Amino acid sequence: MVKAIYPGTFDPVTNGHVDMVERAANMFDEVIVAVVQQTSKKLMFSGTERVEMFAEALKDVANARVTGYEGLTVNFAKEQGAGVIVRGLRIGSDFDYEREMALMNRDIGDVETACLLSSLEYQYVSSSRVKEIAALGADVSRLIPDHVLAPLLHKLKGAGSQ
């Protein structure tokens, strides 16, 4: 049985993230979405909110589960019995970053990395971009799961009133 983890902040989860897990779920026996709980990034949603939103988005993917984690990704992978880290590549610069991380993860944790090319319709989608354009009033409903839109707009409204 081959387990894989798909780590990230997912703040918020996008349709590109969901697509990546659905595709990975066709390749691996189990895909564990590993939601980073503590990061240096400024996050809009709490760890619990991000786990819950992603879990809802994957409710129909039988061999995928979502959990939060802290610490080194390779250590979490080992704890879960996962030998593969799944990463998505959207743009050219993603490759350089992911290549370096893959080599480091293999060196320190003996974990392989499987990079999947993002589907064409999600090549330009990122959580940061979704938050940015939603804050400027653009419609992001086709970029994120339906259940994420209301919490996103609520958080943005709260941030604007401060």
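Residues that are surrounded by 12 or more Cβ atoms within 10 Å (Cβ to Cβ) and either over 24 Å from SER127 (Cα atoms) or not basic (Lys, Arg) (or both) within the range 86-105 comprise VAL86, GLY88, LEU89, ASP94, PHE95, GLU98, MET101, ALA102, MET104, ASN105, listed in sequence order. Cβ separations smaller than 8 Å between residues 6+ apart or across chains give the following pairs from the range 18-29 residues that are modelled with pLDDT of 95 or more to residues that are of a type in the set (Ser, Thr, Tyr) and surrounded by 16 or more Cβ atoms within 10 Å (Cβ to Cβ): ASP19/SER118; ASP19/SER119; ASP19/TYR122; MET20/TYR6; MET20/SER118; VAL21/TYR6; ARG23/SER119; ALA24/TYR6.
Can you give me the number of residues within the range 35-73 that are without any contact (Cβ under 8 Å) to a residue 40 or more places away in the chain, of a type outside the set (Asp, Glu) and touching a strand residue (DSSP E or B) at 6+ places or on another chain (Cβ under 8 Å)?
Applying the first criterion (without any contact (Cβ under 8 Å) to a residue 40 or more places away in the chain) to the range 35-73 yields 35-43, 46-48, 51-52, 55, 59-60, 62-63, 65-68, 70-72.
If we keep only those that are of a type outside the set (Asp, Glu) as well, we get 35-43, 46-48, 51, 55, 59, 62-63, 65-68, 71-72.
Filter once more, so that each one left must be touching a strand residue (DSSP E or B) at 6+ places or on another chain (Cβ under 8 Å): 35-37, 47-48, 51, 55, 63, 65-68.
Result for the range 35-73: 12.
With the structure loaded, tell me whether ASP60 is more than 21 Å from GLY109 (Cβ to Cβ), of a type outside the set (Val, Ile, Thr) and surrounded by fewer than 21 Cβ atoms within 10 Å (Cβ to Cβ) or whether it fails that test. When the stated conditions are applied, ASP60 passes them.
Can PRO12 be described as assigned to a strand (DSSP E or B), at pLDDT 95 or above and either surrounded by 14 or more Cβ atoms within 10 Å (Cβ to Cβ) or not β-branched (Val, Ile, Thr) (or both)? No, not satisfied.
Taking the criterion of being surrounded by 18 or more Cβ atoms within 10 Å (Cβ to Cβ), among the polar types (S, T, N, Q) and in a helix (DSSP H, G or I), the only residue of the range 118-154 that qualifies is SER127. The residues of the range 66-85 that are under 11 Å from ALA4 (Cα atoms) and surrounded by fewer than 16 Cβ atoms within 10 Å (Cβ to Cβ), listed by number, are LYS78, GLY81.
The values are calculated or read from the model by the stated rules, or taken from the named source; none is laboratory data. Just so you know, these numbers come straight off a predicted model, no measurement behind them. A quick note on method: Cβ atoms are made from the backbone with ideal geometry, for glycine too, and the neighbour counts reach across all protein chains shown.
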